[in-house]
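The values are calculated or read from the model by the stated rules, or taken from the named source; none is laboratory data. Keep in mind it's a predicted model, so treat the numbers as computed, not measured. Neighbour counts are summed over all protein chains in view; Cβ atoms, including those assigned to glycine, are modelled from backbone coordinates with ideal geometry. In case anyone asks, the SASA skips ligands and DNA or RNA and just uses the protein heavy atoms, side chains included. Shrake-Rupley method; radii C 1.70, N 1.55, O 1.52, S 1.80 Å.
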Amino acid sequence: MSRILQLRRGNTAEHENFTGQIGEITMDTDAKNIRIHDGETPGGTPMARRDEIPDLTPFDYVIEWQMPTAENNHTWYRKYKSGWVEQGGIIHSPDTTPVTQILPIKMNNDMYCLVYGVYFNSANTITSQIRNKTSESFGIKCSLQATNVAWYVCGISKS
């Protein structure tokens, strides 16, 4: 047998003179919405109906993302509705040979912004170079062994 849950209800005027308990939900039968009560605010806080929510079409927002984990080589990304992408990660360079980083999200071309920082445990001076920057990857070469490179790329994605 099904059960019916019926909330406390009343018209707008009755709600304005009512202070519900903390966490209490009531229905405004005039405004056709629910109100959430905090034990202090007369009338509670009315919740918006779907037809009252503004159109989000002109706004940009994240549509896809990846968090950094050991399985994805500590890379992360955020892809926005507009095609804008932010991505980054950490490259470990065990020796002085160039290392290629494949981008998790392909960029539209090689005109994206690339920022990186090299960190290591040494008092020596280190030099680094970006090599072979493409829409899908970039290379980096460091002058010292066992260095780590934190990188960040932003720009427009390929699709």
Within the group Ile140, Ile126, Ile130, which residue is open to solvent by less than 30 Å² (accessible area, probe 1.4 Å), more than 22 Å from the chain's Cα centre (by Cα) and among the aliphatic types (A, V, I, L, M)?
Ile140
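Results for (1) part of a strand (DSSP E or B); (2) of a type in the set (Ser, Thr, Tyr); (3) in contact with a strand residue (DSSP E or B) (Cβ under 7 Å, 6 or more places away or on another chain); (4) surrounded by fewer than 14 Cβ atoms within 10 Å (Cβ to Cβ), shown as yes or no for each residue.
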position	(1), (2), (3), (4)
Leu56	no, no, no, yes
Asp60	no, no, yes, yes
Ile63	yes, no, yes, yes
Pro68	no, no, yes, no
Ile91	yes, no, yes, no
Leu114	yes, no, yes, no
Members of segment 37-52 found to be part of a loop (DSSP other than H, G, I, E, B) and either of a type in the set (D, E, K, R) or surrounded by 14 or more Cβ atoms within 10 Å (Cβ to Cβ) (or both), listed by number
His37, Asp38, Glu40, Gly43, Gly44, Arg49
On the given criteria, is Thr57 modelled with pLDDT under 95 and in contact with a Ser or Thr (Cβ under 9 Å, 6 or more places away or on another chain)?
no
Residues Ile34, Ile4: which one is outside any strand (DSSP E or B) and open to solvent by 50 Å² or more (accessible area, probe 1.4 Å)?
Ile4
